[in-house]
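Visitor: Sharing a structure with you now.
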Amino acid sequence: MSFHKHLTEDRRLVLLRLLADAPGYAANESILLEAVESFGHRPSRDALRADLAWLAEQGLVTIEEVATVMIATVTRRGGDVAFGRAVVPGVRRPEPGR
């Protein structure tokens, strides 16, 4: 697996876990960008928006646009993936007990 692919899959898992822990299971892209950075990722806003769009295509999040800001909400399936109860290729699987 390429390093870029590994980073992308891990970033998607981080996004799902952040949303699963967020109040209302939702957050806007600015909050998510700041939070993802605290986990060692440094994506551009465009890359983050692409990840959110990809997660939405997989049915793991829903997206609402308010003005020019994306607001993502994790779905039940996305929560299952975030905590290892389901597997989706393209999202890193969490380690046991995490």
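The values are calculated or read from the model by the stated rules, or taken from the named source; none is laboratory data. Just so it is clear, the structure is predicted and the values come from calculations on it, not from any experiment. Note that we place each Cβ from the backbone using ideal geometry, even for glycine, and neighbour counts take in every protein chain shown.
Visitor: Could you list, in sequence order, all residues of the stretch 1-50 that are acidic (Asp, Glu) and either out of contact with any Lys or Arg (no Cβ under 8 Å at 6 or more places or on another chain) or at pLDDT below 95 (or both)?
Guide: Asp21, Glu34, Glu37, Asp46
Visitor: Now for a different question. Quick one: Gly24 ticks every box in (1) at positive phi; (2) in a loop (DSSP other than H, G, I, E, B) bar one, so which box is it?
Guide: For Gly24, the exception is condition (2).
Visitor: Being farther than 11 Å from Asp10 by Cβ, of a type in the set (Lys, Arg) and modelled with pLDDT of 90 or more is the filter here, so list the residues in the stretch 83-98 that pass it.
Guide: Arg85
Visitor: How many of the residues in the stretch 70-98 are in a loop (DSSP other than H, G, I, E, B), buried (at least 16 other Cβ atoms within 10 Å of the Cβ) and among the hydrophobic types (A, V, I, L, M, F, W, C)?
Guide: Residues that pass the stated criteria total 2.
Visitor: Additional query: Take the stretch 9-52 and flag every residue that is of a type outside the set (A, V, I, L, M) and touching a residue at least 60 places away in the same chain (Cβ under 8 Å). Outline the logic, then answer.
Guide: Initially, the stretch 9-52 is screened for residues of a type outside the set (A, V, I, L, M), giving 9-12, 17, 21, 23-25, 28-30, 34, 37-46, 49, 51.
Answer for the stretch 9-52, where residues must be of a type outside the set (A, V, I, L, M) and touching a residue at least 60 places away in the same chain (Cβ under 8 Å): Glu9, Asp10, Arg12, Arg17.
Visitor: I've got another one for you. Just give me the residues in the stretch 27-69 being farther than 25 Å from Arg85 by Cβ, in contact with a helix residue (DSSP H, G or I) (Cβ under 7 Å, 6 or more places away or on another chain) and not in a helix (DSSP H, G or I), in sequence order.
Guide: Pro43, Val69 - these are the residues of the stretch 27-69 that are farther than 25 Å from Arg85 by Cβ, in contact with a helix residue (DSSP H, G or I) (Cβ under 7 Å, 6 or more places away or on another chain) and not in a helix (DSSP H, G or I).
Visitor: Looking at the stretch 70-93, which of its residues are more than 17 Å from Tyr25 (Cβ to Cβ), in contact (Cβ under 8 Å) with a residue 12 or more places away in the chain and over 12 Å from the mean Cα position of the chain (by Cα)?
Guide: Initially, the stretch 70-93 is screened for residues more than 17 Å from Tyr25 (Cβ to Cβ), giving 84, 87-90, 92-93.
Now restrict to residues that are in contact (Cβ under 8 Å) with a residue 12 or more places away in the chain: 84, 88, 90, 92-93.
Those that are more than 17 Å from Tyr25 (Cβ to Cβ), in contact (Cβ under 8 Å) with a residue 12 or more places away in the chain and over 12 Å from the mean Cα position of the chain (by Cα): Gly84, Val88, Arg93.
Visitor: Filter the stretch 42-69 for residues that are loosely packed, with under 11 Cβ neighbours inside 10 Å and among the small types (Gly, Ala, Ser); which is farthest from Leu7 (Cα to Cα)?
Guide: Restricting to residues being loosely packed, with under 11 Cβ neighbours inside 10 Å and among the small types (Gly, Ala, Ser), the top hit is Ala67.
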